[in-house]
Each structure stands twice: as structure tokens, then as C-alpha cells.
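Coordinate-derived values only; no laboratory data. Only a predicted model underlies this, so the values are computations on that prediction, with no experimental measurement involved. No Cβ is skipped: glycine too gets one built from the backbone with ideal geometry, and neighbour counts run over all protein chains shown.
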Amino acid sequence: MMPLRKPLLRALKTTMAYSMYLIPPQDSVLLQGPGSIKKLPALIRAQGVRKPLVVTDAVLMELKLLDGLFAAFDAIGMSYTVYDGVQPNPSVDNVEDAYRRYQGNGCDAVVGFGGGSSMDCAKVVAGRVVRPNLTTDQLGGYFKVMLPIPKKLPRIFAVPTTAGTGAETTSAGVITDPKKNTKYTVNDFLLHPHFIVLDPELTLGLPPFFTAITAMDALSHAVEGYIGSGHCRESDIYSEAAVRMIFENIDRVYKDGKDLAGRSQMLLASYYAGVVLNRALTGYVHPFAHKIGGMYHLPHGRVIGAVMPLVFEYYGSSASRRLGRLADVINVSHPDMSDAQKAAAFIEAIRGFNRAYGIAETIPELKESDFAEIAHSIHWECIPYPVPKIMDDKDVYAILRRLKG
Ligand SMILES: [Fe+2]
């Protein structure tokens, strides 16, 4: 009986991994609007939580972005603990340190407050709480938290302070292990945040370039899910809304970061794009960006902006009808155009976005000697993704050469 257990469990997990295409994740409860962060402590208490761990980074603490939240905790007399050591790419050590802080302070919920890194770290801390016998890297992969029968899961609250990653609505946390020079994803339905706060006031201080590259990331989530075969009618609605809202509002928030109405639209668009990412997954753009960004320490959205037009051009006729529909959505088409012409117009709109907001279209850091490793990583990451057209090494190399410039 025993020798069968492992293969059976693995088969069950694989089946469930692919069921991610079919089963929509649980819905989160949204708390929305300017100043909504101040309502979070009361919501946390209403869930029966006694003491949450707030997971964030030192920069946001220094900017005093959490002061409103802390004041609201104090106002209702609720205690909390803070872990502010999250690094831009959250590491295994970040998760372990935060987990120790959680256990040492008798916490019973996590609040991920910040960009994708803080929210991902908080989600994986919740995974560690459920599976105290597994190390952070052992949680990597699919459904290590929910199988077998899980212990009680802490409530997970997510508060994005950028409009781009969509991490507030995905069921995964990306963790880096600098000692092994690897990055892996902890995927599990259980890690889907239960409550999300979309407070645009928290994004008012984002600098223009950061605003642009995070918006480019959100755009890629909405479009990659739209043109892949994992899309469905519901995800299409979210994709089209996100694409329209991003193109309509990027200019105003880039030029005036304090434009609250524009920031609200961008935050909502990023959330919609995150819903698409969770339900329809990505295509080739993200595997390129993950590997290149990790290797050369470049911001995710900056690499996405360079990669996206080239990958979409590669897809050619396999994605032109869907990309053409997005050209209609943002009004860069006219009825006489063919699908291919409309798709080209949409790709040109992405290039225009890059040019307008200073996102470089080449990546001079790329080294030809790294191409084999990059291609290998892209092929592996793409295995579960419902891409419109499959690349071989030659295709990947051709794109890398164009990216190098
Ligand atoms: Fe992304």
C-alpha cells in the first residue's frame, strides 16, 4: 500500500494542477475606494482574528504608507505585529523570518501590504502555518498546502500599493532562493486572498516610470490571458475592461500621480487583469520576463514592455483575431481592416505606450552565451500555459536577438 501512496498523491496533484484551467478560484471580498484601508482593522476583527501579522517592506514603512492602517488598528484597540523585511524578490529567508514572527507573536492572520512581493510573501507564510513541517522550498509546486487534509488556514488579507502585479487576486506566491539561484512558485487554491483592499490613495505616490511599468505588467496579464486558449467568456469581460481602462488612464496618472480618479481606474484594471491571470494563465511573455528579469536584475514590467510586442508578432495568425478585437476595444482600428492589420495596430499601440513612458524596447544586458539557459527556462515554465503557438529553440533565440538590439 505504502509504495503506491506517493505516485497516487502526485497523480492527484497533477490532475488538480490542470483543473486550475477549469475551476474558477474562490471569490474574494473587496473593500474599495479612497481611504478604504482605514476600514480594514474592523473587517479583520469581524472575521474573529485576534492578532494579524502585517507583512510589508521597509521602504513603505519609511514612506509612512502604513500609518493610516496602524492608526485604524489603534482606534479599535486591536493589536498586530509587523514584519517589514520583504525584499523586492521575496526570498526563502523572508518567508521564514516572517513565519517565525507570526509564530512568536501568537498571530492568527496575515495582511500582505505592498507590491507583489509583500503579498506573495504573506500568502506563503499562510502556507507555512498550514504546513509547519514543510520548508518554504518544499511548498514550491502545486497543492502542497491543501493536500493531504490541511490544518486550519489563517485568513489572508491583501492590500496592493501598486497597480500592476495582480498578486492580490492570484493563488500563487513567487519566492526566490538566492543560495540555489532559483525562483519557484507556490501554487494553491488555499492561498487565494480572502479579502482585498483596493484603496487608490495608497498608489498616489508611485513615481511616473514605476506607474508605467506596473501598468504594462497589468496590461500583459489582461492580454496574455485573452489570446491564450485558457480564456473563457468571463475572463474576456475582465480582459477587455482592463485593457480599455489601462489605455484610457495611463496618460493621466503618468502625468499627474495625484489624479485619484485615474488611480482608482488603474487599480481596478490591475485587479481585473489579475483575475484574468488567475483564470486564464499567461503565455510566452511572462516566461521570457521571469528568466531575463531574474538573470539581469531588471524590473518585471520593464522587461514585459520590451518582450510583449515581439512575442505577439511571433504568434502571427494564431492570435491575430483576438489581438484584433483588442484593437477595436481601444479604438485603434477601423472596419475595413483585416484581423492581421488590426493585430498590428494593437501591437503598435503597445509600442506607443513604451515610447511615451520611457520603457526601452531592447535589453542590451542580454548575453548570447546565456541564450541556451534562458531558452531552457522558457520551455519549462511554459509547459502548463495555454499559449497560442508553441516556440522551439530557434524561435526563442530569434526573439532574444531582436531583444538584445
Ligand atoms: Fe506579470
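Where does segment 141-290 land on the Kirkwood hydrodynamic radius, alpha-carbon pairs, in angstrom?
Working: mean 1/r = 0.0622 Å⁻¹.
For segment 141-290, inverting the mean 1/r across all distinct Cα pairs yields 16.1 Å.
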Check: On average, how much area does the Cα convex hull of the chain cover when viewed from any direction, in nm²?
Finding: 19.9 nm²
Note to self: Give me the dipole magnitude in Debye, nearest 20, for the chain about the Cα centre, with unit charges on the beta carbon: positive for Lys and Arg, negative for Asp and Glu.
What the structure shows: 1120 debye
Checklist line | Orientation-averaged projected area, Cα convex hull of segment 281-405 (nm²) | finding: 7.5 nm²
Check: For q = 0.20, 0.31 Å⁻¹, what log10 I(q)/I(0) does segment 262-317 give under the Debye formula with an equal point scatterer on each alpha carbon and no solvent?
Finding: -0.87, -1.08
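Report, in deg cm²/dmol and to the nearest 500, the calculated mean residue ellipticity at 222 nm for the chain, where each DSSP H run with n ≥ 4 adds -39500 (n - 2.57) and the sum is divided by the residue count. The partial results should precede the final answer.
Details: 15 runs with 213 residues, N = 405.
Helices in the chain give a 222 nm mean residue ellipticity of -17000 deg cm²/dmol.
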Check: What's log10 of I(q)/I(0) for segment 306-360 at q = 0.24 Å⁻¹, Debye sum over Cα points only, no solvent?
Finding: -0.86
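Counting other Cβ atoms within 10 Å of each Cβ, which trypsin sites (Lys or Arg not before Pro) in segment 59-154 have at most 15 and sit in a DSSP loop?
Details: sites: Lys64, Arg100, Arg101, Lys123, Arg128, Lys144, Lys151, Lys152; in loops: Lys64, Lys144, Lys151, Lys152.
Taking segment 59-154 and a limit of 15 other Cβ atoms within 10 Å, the loop trypsin sites (Lys or Arg not before Pro) found are Lys64, Lys151, Lys152.
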Check: Any idea what the alpha-carbon Rg over 2.2 N^0.38 Å comes to for segment 73-220?
Finding: 1.03
Next item on the list: Would you list which aspartates and glutamates come within 14 Å of Lys39, measuring only between C-alpha atoms, while excluding same-chain residues fewer than 8 positions from it?
Entry: Asp67, Asp74, Asp199, Glu201
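Loop only by DSSP, 10 or fewer other Cβ within 10 Å of the Cβ. Give me the chymotrypsin sites (Phe, Trp or Tyr not before Pro) in segment 136-221 that pass, ordered by residue number.
Values: sites: Tyr142, Phe143, Phe157, Tyr184, Phe189, Phe195, Phe209, Phe210; in loops: Phe143.
Sparse-neighbourhood loop chymotrypsin sites (Phe, Trp or Tyr not before Pro): none present.
Apply the a/c threshold of 1.5 to the C-alpha gyration tensor of segment 125-166 and tell me whether it is rounded, prolate or oblate.
Values: a/c = 2.50, a/b = 1.82, b/c = 1.37.
Since a/c reaches 1.5 and a/b is larger than b/c, the shape of segment 125-166 is classed as prolate.
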Checklist line | Selection from Leu134, Val86, Gly68 lying farthest towards where the dipole of segment 25-203 points positive, charges on Cβ | finding: Leu134
Notebook entry, point to check: Taking a 31 Å limit on the Cα-Cα distance, which of the listed pairs Lys183/Lys258; Lys51/Lys291; Lys64/Lys180; Lys291/Lys389; Lys144/Lys404 fall beyond it?
Noted result: Lys183/Lys258; Lys51/Lys291; Lys64/Lys180; Lys144/Lys404
